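Where a number appears in this text, it was derived from the coordinates with a stated rule and is not lab data. Bear in mind the structure is a predicted one, so any value in this text is a computation, not a measurement. Cβ sites come from the backbone with ideal geometry, for glycine too, and all protein chains shown count toward neighbours.
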Amino acid sequence: MMVSVSGGKGGTGKSTVAVNLAALLSRDLRLVLADLDVENPNDHILLGAELAGERPVNIMLPFVNYQKCVKCGACGRVCDTGAMLISPDGLPYVIPRLCSGCRSCYFACPVDAIVEGKRTIGYTYLSELELGESKITLVTGSLREGEEHTPPVVLAARRRALSVEADLHLVDTSAGTSNSVAAAVDGSRLLIAVTEPTPLGLHDLDLILEMAQTLGMEAWVVINRAGIGPEDDHVRLVRERGAEIVARIPYSRRVVESYIRGVPIVLHSPNSPEAEEFRRLAEMVRGVVS
Amino acid sequence: MGTVKVGLAVEDDSGLDSRVSSRFGRAPFLAIVELEDGEIGGVRVVENPGASARSGAGIKAVQRLLEEGVRVAVAGAFGPNAMTALEELGIETVELAGVSVEEALQRIRTRLQGQ
């Protein structure tokens, strides 16, 4: 079964919720945590883990055989990302950073002048780690610096995570509601939307709940940093969107300390009210899994 | 100096009165101006395919200017992809914004006459 942690706004605590759930649920479930926030993966930092088992994520990069090219411009016309520039002499030039590897130019060329090369745009990792008495498998996707096409890396990391047999695949997504987020959560039984009591938290919660509705996915809302602002509008919005607020993690200095130490709060301060709320949330998720 | 074609990223479709845009790739329109011995011969405003592009906007705008045979490109700022392509293609770039096409041409005329 797959469960996703998302939430729209950046910095609301998606990864904090994901690693604490992972730490608790792995006590009696075989658990894979998939960090699909490929532009800024940080679950390994929060878990104090090293990335291991690096594999490149390659996409197709076109090369032009200029001896075959008949200067028809077909490749430039089909290119959706502007990666194929037709120069004044009619010859195409490839701008690698813009290329998404879609192969349209390859299929459009009438004289087979496009040669398939490849380019590494990111990496996936697989780390086996021990957390207290339990073990989890952490799969991480990481986009190379300067690259802009996240979906191939998200999908590669997702595939790698799903290839590991488990009772629960817990997915941690990036912020936003882009196609990368939709691809990350695809097939989830449940979407846990993490938000915070701020106007921007409210705004982005609306977007992520709309996405969940569009995908026909059950959504639970976790309010992180509870207590730093009013929640009336959040309560109203969640009701309107047919979702439910299932947990409120109090704003606390201990959470920051656990973050800095790379130990989930449920292990760092197991007797704290924050840890208690995470345990309650984990029990609810546990109820869905079994 | 003969005929030189200048391409300006502009905010609106008002001929020589169009405002030069602060950005190149995402400007709504491109004004194509023919300068004959430094005098304005004709102006056409065309849609910028980069304005609605999901990515690679700058390159799409460059491509459109290439189709017009433009030798000089004018905008408030050029993105890194557009800048690289324009430099590679030997198209001169002028960073200038907030004025009309006519004013922009006045200002860069001295520079063009050096060509």
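Couple of notes before you dig in:
- With a Förster radius of 25 Å applied to the C-beta separation of B:Gln106 and A:Tyr93, the computed FRET efficiency comes to 0.15.
- Average other protein chain Cβ within 10 Å of Cβ, residues A:97-103: 2
- Summary: within chain A, the longest segment free of GluC sites (Glu not before Pro) located in DSSP loops with at most 14 other C-beta atoms within 10 Å is A:166-290.
- Each residue in B:Asp37, B:Asp17 was given a count of other beta-carbon atoms within 10 angstrom of its own, and listing them fewest first yields B:Asp37, B:Asp17.
- Shielding value for B:74-86 is 1, the average number of Cβ atoms from other chains within 10 Å of each residue's Cβ.
- Our summary gives chain A a relative contact order of 27 percent, counting only alpha carbon pairs under 8 angstrom and 6 or more residues apart.
- Between A:Glu218 and B:Glu11, the simple label model (points 7 Å from Cα in the Cβ direction) yields a spacing of 5.2 nm.
- When only alpha carbons are used to place a centre, region A:16-35 and region A:96-168 end up 22 Å from one another.
- Between B:Glu39 and A:Asp233, the modelled label-to-label distance comes to 6.1 nm, taking each label 7 Å out from Cα in the direction of the beta carbon.
- A simple spin-label model places the labels of A:Glu128 and A:Asp186 3.0 nm from each other, with each point 7 Å out along Cα-to-Cβ.
- Bridge type composition, the protein assembly as shown - antiparallel percent by DSSP, nearest 5: 55
- Global form of region A:66-112, assessed from the alpha-carbon gyration tensor, a/c cut-off 1.5: oblate
- Peptide B:61-67 has a mean of 3 when you count, residue by residue, the C-beta atoms of other protein chains within 10 Å of its C-beta.
- The fraction of all Cα pairs in region B:3-113 landing in successive 5 Å bins from 0 to the largest distance is 2, 15, 27, 28, 19, 7, 1, 0, given as whole percents.
- Taking a point 7 Å out from the Cα of A:Asp28 in the direction of its Cβ, the residues of region A:245-283 whose backbone N falls within less than 20 Å of it are A:266-267, A:270-271, A:275-283.
- Remark on A:Glu39: its backbone amide H falls under 5 Å from those of A:Leu143, a criterion applied only to residues 5 or more positions apart or on other chains, H modelled at 1.01 Å from N.
- Here the gap between B:Glu87 and B:Ser22, fully extended at 0.36 nm per residue and compared with their Cα-Cα distance, gives a gain of 21.5 nm.
- Helix-only mean residue ellipticity at 222 nm for chain A, each DSSP H run of n ≥ 4 adding -39500 (n - 2.57), per residue, nearest 500: -10000 deg cm²/dmol
- Long-range amide H partners of A:Leu61 with built H, under 5 Å: A:Gly117, A:Lys118, A:Arg119
- Using only side-chain charges placed at the Cβ, +1 for Lys and Arg and -1 for Asp and Glu, the dipole size of region A:58-199 relative to its Cα centre rounds to 660 debye.
- Solvent-free Debye scattering, log10 I(q)/I(0), computed from the Cα coordinates of chain A at q = 0.16, 0.17 Å⁻¹: -1.15, -1.26
- The A:Thr120 and A:Glu50 beta-carbon pair, evaluated with R₀ = 25 Å, returns a calculated FRET efficiency of approximately 0.75.
- Flagged links, alpha-carbon separation over 26 Å, of A:Lys14/A:Lys135; A:Lys9/A:Lys118; A:Lys14/A:Lys118; A:Lys9/B:Lys60; A:Lys68/B:Lys5; A:Lys14/B:Lys60: A:Lys9/A:Lys118; A:Lys14/A:Lys118; A:Lys9/B:Lys60; A:Lys68/B:Lys5; A:Lys14/B:Lys60
- Euclidean distance of C-alpha centroids, region B:38-115 and region A:221-256, integer Å: 50
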